[in-house]
Amino acid sequence: MIVPAGSVDRIAAALHANGLVLRGGFNFAPGDAPPTGSSGAPAAAVLLVGQAGAAPWPHFLRWREKQPRSIANPLDTWSREVIGAVADTFGARAVSPSDRPYLPFQQWAMRAEGLKPSPLGILMHPQYGLWHAYRGALLFGYELPVQAAEPAPHLCDTCVEKPCLKSCPVDAYSPQEFVYPSCLAHVRGANGEPCRTGGCLDRNACPYGADYRYPPEVQAFHMAAFAVL
């Protein structure tokens with residue numbers, strides 16, 4: 001079964017109503033071993049759901065005002081609710097990057113949008129830079145009129161200065177690895193205020209996608225979640 005192209009457009013419109021973006025998708029190939037769809041049979045197609053810039057933030061805040069302040073992982077919970085409602089409407093199975101066992105979201109995203117990782121590990125987008133995210137995916141039991149993207153221009157290949165590797169006070173990022181303990185200790189420590197309130201200094205040093213840069217309050221929210229502040 002192949003769903004009409006208009007259905008994909010309606011899915012995109014339903015996500016857009018909450019500030020989310022349809023981030024491409026593809027039909028699984030015979031050798032892919034996909035996860036199950038809503039029927040319990042292997043999925044035939046996947047659509048990636050995410051954000052560009054901080055567009056979902058006002059929608060999330062309105063939802064959060066009505067929730068208990070003690071709610072755990074509020075952004076994940078909101079994303080699951082929104083994407084889950086769209087999945088129910090269109091007969092899909094909604095999955096999240098935090099689901100266990102983990103699904104290969106980064107590989108799916110690279111395939112769907114033709115992206116490559118930046119030195120920080122975040123996928124570099126030719127328009128959004130590092131200021132985007134994937135909030136979930138929709139798995140379908142039938143094929144969709146979508147296909148994997150051709151490789152996008154990788155801006156990191158032409159970036160000579162690599163400021164994203166030179167701004168961290170504790171050199172947590174390098175071409176070889178991310179030193180998580182050093183980053184976490186700094187963010188939680190006495191000298192970590194700039195990171196806690198304004199976000200990762202390495203990420204902010206990237207010159208690409210500046211129009212989509214998350215506002216400081218959004219970056220502070222994510223940093224607090226990262227450091228469990």
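Just so you know, all these numbers are worked out from the coordinates, no wet-lab data involved. Just so you know, these numbers come straight off a predicted model, no measurement behind them. Using ideal geometry, Cβ is built from the backbone for each residue, glycine included, and neighbour counts are taken over all protein chains shown.
Worth pointing out:
- Spin-label pair LYS116-HIS16: with each label point 7 Å from Cα along the Cα-Cβ axis, the two points sit 3.2 nm from one another.
- Close amide-amide hydrogen proximity is noted between ARG23 and LEU48, VAL49, GLY50, each under 5 Å apart and 5 or more residues distant or on a separate chain (H modeled in the peptide plane; Pro and chain starts excluded).
- Global form of region 159-227, assessed from the alpha-carbon gyration tensor, a/c cut-off 1.5: oblate
- Taking other residues whose beta carbon is less than 14 angstrom from the beta carbon of ALA44, and scoring Lys, Arg as +1 and Asp, Glu as -1, yields -1.
- Selected from PRO101, ALA149, TRP63, residue furthest toward positive end of dipole (region 57-151; charges at beta carbon): TRP63
- Across region 161-168, rounded Karplus estimates of 3J(HN,Hα) from the backbone phi angles (6.51 cos²θ - 1.76 cosθ + 1.60, θ = phi - 60°) give 6, 6, x, 5, 9, 10, 10, 6 Hz, Gly and Pro being marked x.
- Listed values for region 127-139 are Karplus-derived 3J(HN,Hα) couplings in whole Hz (6.51 cos²θ - 1.76 cosθ + 1.60, θ = phi - 60°), namely 9, 8, x, 9, 9, 7, 7, 10, 9, x, 8, 10, 9, and x replaces Gly and Pro.
- Exposed trypsin sites (Lys or Arg not before Pro) absent: longest stretch of the chain, with sites in DSSP loops and at most 14 other Cβ within 10 Å deemed exposed: 70-165
- The dipole here belongs to the chain: it is taken about the Cα centre, uses +1 on the Cβ of Lys and Arg and -1 on the Cβ of Asp and Glu, and is about 480 debye.
- Of all aspartates and glutamates in the structure, the ones whose alpha carbon falls short of 14 Å from that of LYS162, not counting any fewer than 8 places away in one chain, are ASP171, ASP202.
- Distance between modelled label sites at GLN107 and SER182, nm, 7 Å Cα→Cβ extension: 3.0 nm
- For GLU143 and ARG100, the difference between the fully extended length at 0.36 nm per residue and the C-alpha to C-alpha distance is 13.0 nm.
- Listed residue (THR89, ALA72, THR36) projecting farthest to the positive dipole end of the chain, Cβ model: ALA72
- Placing a label point 7 Å from the Cα of ALA85 along the Cα-to-Cβ line, the residues of region 133-158 whose backbone N sits under 19 Å from it are 135-139.
- Integer Hz, Karplus 6.51/-1.76/1.60 couplings in order for region 34-50, x for Gly and Pro: x, x, 6, x, 5, 7, x, 7, x, 5, 9, 8, 9, 10, 8, 10, x
- Considering only PRO104, PRO215, PRO117, the Gaussian network model of the chain with Cα springs below 10 Å gives its largest mean-square fluctuation to PRO104.
- Between GLU193 and PHE226, the modelled labels are 2.0 nm apart [label points 7 Å from Cα along Cα→Cβ].
- Amide H to amide H, with H built 1.01 Å from N, ALA148 comes under 5 Å of ASN27, counting only residues 5 or more places away or on other chains.
- Sum of -39500 (n - 2.57) over DSSP H runs of 4+, divided by residues of the chain (222 nm, nearest 500): -10000 deg cm²/dmol
- As a calculated quantity, the FRET efficiency between ASP211 and ASP76 at R0 = 25 Å, using C-beta atoms, amounts to about 0.45.
- Loop-located chymotrypsin sites (Phe, Trp or Tyr not before Pro) across region 99-167 with a Cβ neighbour count of 11 or fewer within 10 Å are TYR102, with loop assigned by DSSP.
- Helix runs (DSSP H) in the chain reaching 20 Å along axis by Cα, Kyte-Doolittle at least -1.0: 74-90
- Footprinting exposure proxy ranking of SER7, SER96, SER118, fewest other C-beta atoms within 10 angstrom first, gives SER7, SER96, SER118.
- Remark: region 159-227 carries a charge dipole of roughly 60 debye about the Cα centre, counting +1 on each Lys and Arg Cβ and -1 on each Asp and Glu Cβ.
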